[in-house]
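These notes concern the structure reproduced below.
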Amino acid sequence: MAGTTALPLQEFIASLSKSCLPRILQVCSGVYFQGSIYELSGSEVCLSTGDLIKVIDIEPLSVCCVDVSNNEKFDLPISHTGLFKVVPEQMPYSSMEEMLSLRPVGLESCLPFTFTCSSKITFDNFTLGAGRHLTVLSIEGAHARCHVQGQQESSAEVCVPLAAQGEFRECESEECFTLREVMSSPCLRSRRFRFINTTKSEVPLILCPVYQVHAIMNMRKHAVKFPSNLEVEVIDVTEMSQDLNFMTPLMLTEVQSQPEESFPVVVEIVESPENRSLFKCSWLPEIRRSRHLVFHKTGTSAMVLLSSMKSKKTQQFFLVSQQYAGRFRRRPREFDSVYKLHVASIKEPGLKVSVTRNCEGDEEEGLPGLSVGEQLEVVRCERMKLPCASGKGEKPSVETLLCHRLQEPDDGDDDDDDEEVKQEDEREEVLLPVYMQGHFVEVLADNKKYKLKDLGKEFNLPLDVKVVSRDTELETDPLVGFASLRIEGALLEPVIQASFPNKPDRCFEIPTKWLSMSVSFTKDPLPWPVGRPPNCHMERVTEMTDTFFYEFQKQGNEDAAPPPRPPKPNLSCSQSLKSSSKPSKKSKHRPDKSVPTKEIADLTLNSKRRPAPPPPDTSDDLPPPVIPRKHTDEITSAKALPNTYIQREPAKTTVPLCEVEADVDSDHDYETVDDTLFEMMKKAQESVMFY
């Protein structure tokens, strides 16, 4: 770079022609937009001091016009149709040769042109007077054949030697140029022009072309485009940078599409992963910027997603290759709603479950009662009408799951009649609304050991399993020790088999769809002897986070309908059902319908009663009033009555219970007390308080 002159980017690009491309430039200086990052025409450009740019193409973009008188600038499109004339230079030339050598375009393309000389010219015994206009017709060796306009419209041709001395000035030419013609000639672009037939026709202008520069920059994925009028100074380092290799970053999905012969290769991490929240594995913290990796090969790997059961501990998720060599045994699945039971039965007809929690029935909502231990076999899904009518008088219908209740036979005589009844009981039908909450566990009779790849072939997912024998090829098997694991689904993922250069035989698979990072291929040698690749040990279990699990569920259940909601309750029907069910809730034993109403009332009154209600609670905390002291004769004649607030046996009650009439409409079931008994109770209380 020694001896190389730095030029403004616009001036350097304007001096280039497409035939000399590509050229490698180095940025020397330049700061604009208060930084070095620019968003221009949708292409982000970063130009910093020392950056290298490989210019591969240029194309005219616009023309910047500069007013010479006041330096005002405005832009014109390259397709502008106006015409321009060349403004003659004010500086005189000292010789014909100097004037002709500094013409803006080649002589053959600009002839004829006119000039004048302010002094007499003598050549070949011929004298040409001062102020005469001469028009150059052609160049013949060391002479210029010129046409001279004489007096009285006479004219003549003379040959003026190029070495003739004098004060020569250019005259304005009548030739006009378009904007595209001016921009196509490097010599013409250095001249000043003026408009023709416009308001600015007398204003001299400098026309500066603005190019769209197509370039390749180091560590950029695609070619960038930026205008040439950026205020940057550059130098040409093409000759000194012949062996320079511009590194192109690639996303993992782009690495996946590289040809097979490109691998194995050592790559450098350009941008570290953005979505680290999806992975929870041992190799992810080592994936950092500027770190090197070995990409062995690309391909597609069959995987399954496993999850641990929800408990007090944090739920864990694993992405497991189907090459996992451990053995599994099926575990019964648990369902906490009839809807989930319905979804599982669609994939597995004839599903049998056992009830693990009691469920009280509700006649209004059509919910049957279930007891712990009952076994149900799912048959099909059908609709059922609820017992209560809606506001329009129609009974609403709900979707239900038809099940057969499989009852275990009771201990007893094995008569033929009993056997027929048991068979009928075993086929008892139960309708479970799909919105019903319940607790069920799958009934299994399978105790076989399976490989992971065989489970997906023989059973529908999701599936609950347990690891009964570990994968011996793994140093530590993280799946061992879980009481139950659920296979959530199967995946066919594009992966890259990778390893770190210090451990090239310890490989892991990078799912390219789930990890966003960029790398660049390097020319570094592989970390093993030529032709002797290592025997790779694959990491078959990768722990994931719950974020990955939720993203996986979103992809699989985009069109899944939500669980059904229970129908809105009918208030009138609900009140009628509640009023009809009140007597049954009050009595522990339902009376027989054959018993008369009066006997039912007697039985109710003679049964064990509740104590009388306590006296009303006063809002203030004042002490009870003081009872005046009674005389001795009143004390001796007074007879203490037993406290009626103490529960007593019915046989010792003073008032016969059978004489009290039962209040059927009352919500209370305690007995009434007449006025006489109330006075006796009051006197007894006063006697007790006196003592």
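Bear in mind these aren't lab numbers, they're just calculated from the coordinates by the rules spelled out. Quick caveat: nothing in here was measured; it's all calculated off a predicted structure. Note that each Cβ is placed from the backbone with ideal geometry, even for glycine, and that neighbours are counted across all protein chains shown.
Applying the Karplus parametrisation 6.51 cos²θ - 1.76 cosθ + 1.60 with θ = phi - 60° to the phi angles of the range 277-292, what ³J(HN,Hα) value in whole Hz is obtained for each residue in order, glycine and proline being reported as x?
6, 8, 10, 9, 10, 6, 8, 5, x, 7, 7, 10, 5, 6, 7, 9
I'd like the Karplus ³J(HN,Hα) series for the range 473-478: coefficients 6.51, -1.76, 1.60, θ = phi - 60°, whole numbers in Hz, and an x wherever there's a Gly or Pro.
Residue by residue, the range 473-478 yields 7, 9, 5, 10, 9, x Hz.
Quick one: which residues, 5+ away or cross-chain, put their amide H under 5 Å from the amide H of GLY326? H built at 1.01 Å from N.
ASP471
Could you compute the net charge surrounding CYS208? Neighbours are other residues with a C-beta less than 14 Å from the C-beta of CYS208; K and R count +1, D and E count -1.
Values: positive: LYS73, ARG189, ARG191, ARG192; negative: GLU11, ASP67, GLU72, ASP75, GLU231.
So the environment of CYS208 carries a net charge of -1.
Around PRO92, with a cut-off of 12 angstrom between Cβ atoms, what is the net charge of the other residues, counting Lys and Arg +1 and Asp and Glu -1? Kindly include the intermediate steps, with their values, before the conclusion.
Working: positive: ARG169; negative: GLU89, GLU98, GLU167, GLU170.
So the environment of PRO92 carries a net charge of -3.
Sort LYS54, LYS451 so that the residue with the fewest other Cβ atoms within 10 Å of its own Cβ comes first and the one with the most comes last.
On the way: LYS54 19, LYS451 15.
Neighbour counts put them in this order, fewest first: LYS451, LYS54.
Trypsin sites (Lys or Arg not before Pro) within the range 306-374: which are DSSP loop residues with at most 15 other Cβ atoms inside 10 Å?
Those satisfying the criteria are LYS310, LYS312, LYS313, ARG357.
Based on alpha-carbon positions alone, could you give the equivalent ellipsoid semi-axes of the range 261-320 from the gyration tensor, as √(5λ), descending, whole Å? The partial results should precede the final answer.
Working: eigenvalues 172, 57, 12 Å².
For the range 261-320, the semi-axes come out at 29, 17, 8 Å.
D for the range 127-271, whole µm²/s, Stokes-Einstein with Kirkwood Rh over alpha-carbon pairs at 10 °C and 1.306 mPa s: what number?
Details: Rh = 22.5 Å.
Calculated translational D: 71 µm²/s.
List every residue whose amide H lies under 5 Å from the amide H of ILE496, counting only residues 5 or more places away in sequence or on a different chain, with H placed 1.01 Å from N in the peptide plane.
Correct list: ILE510, THR512.
Where the centroid of each part is defined by its Cα atoms, how far is the range 225-266 from the range 59-93 in Å?
Cα centroid of the range 225-266 versus Cα centroid of the range 59-93: 37 Å apart.
Over the Cα atoms, compute the radius of gyration (one decimal) and Dmax (the largest Cα-Cα distance, rounded to a whole number) for the range 195-277, in Å.
22.3, 69
Could you run the Karplus curve 6.51 cos²θ - 1.76 cosθ + 1.60 with θ = phi - 60° over the range 75-81 and give me ³J(HN,Hα) per residue in whole Hz, x for Gly and Pro?
10, 10, x, 5, 8, 4, 9
Just flag the GluC sites (Glu not before Pro) in the range 263-332 sitting in loop per DSSP whose Cβ has no more than 11 other Cβ atoms within 10 Å.
Values: sites: GLU268, GLU271, GLU274, GLU286; in loops: GLU274.
When the GluC sites (Glu not before Pro) of the range 263-332 are filtered for loop state and at most 11 Cβ neighbours within 10 Å, GLU274 remain.
Using a cut-off of 10 Å between beta-carbons, work out the net charge of the residues near ASP477 (Lys and Arg +1, Asp and Glu -1, ASP477 not included). If you can, show how the numbers build up before the last one.
On the way: positive: ARG470, ARG540; negative: ASP471, GLU473, GLU475.
Local net charge: -1.
Using the per-residue mean of other Cβ atoms lying within 10 Å as a proxy for protection, in what order, highest first, do the peptides 124-134, 493-503 fall?
Numbers: 124-134: 12.4, 493-503: 17.9.
Packing order, densest peptide first, comes out as 493-503, 124-134.
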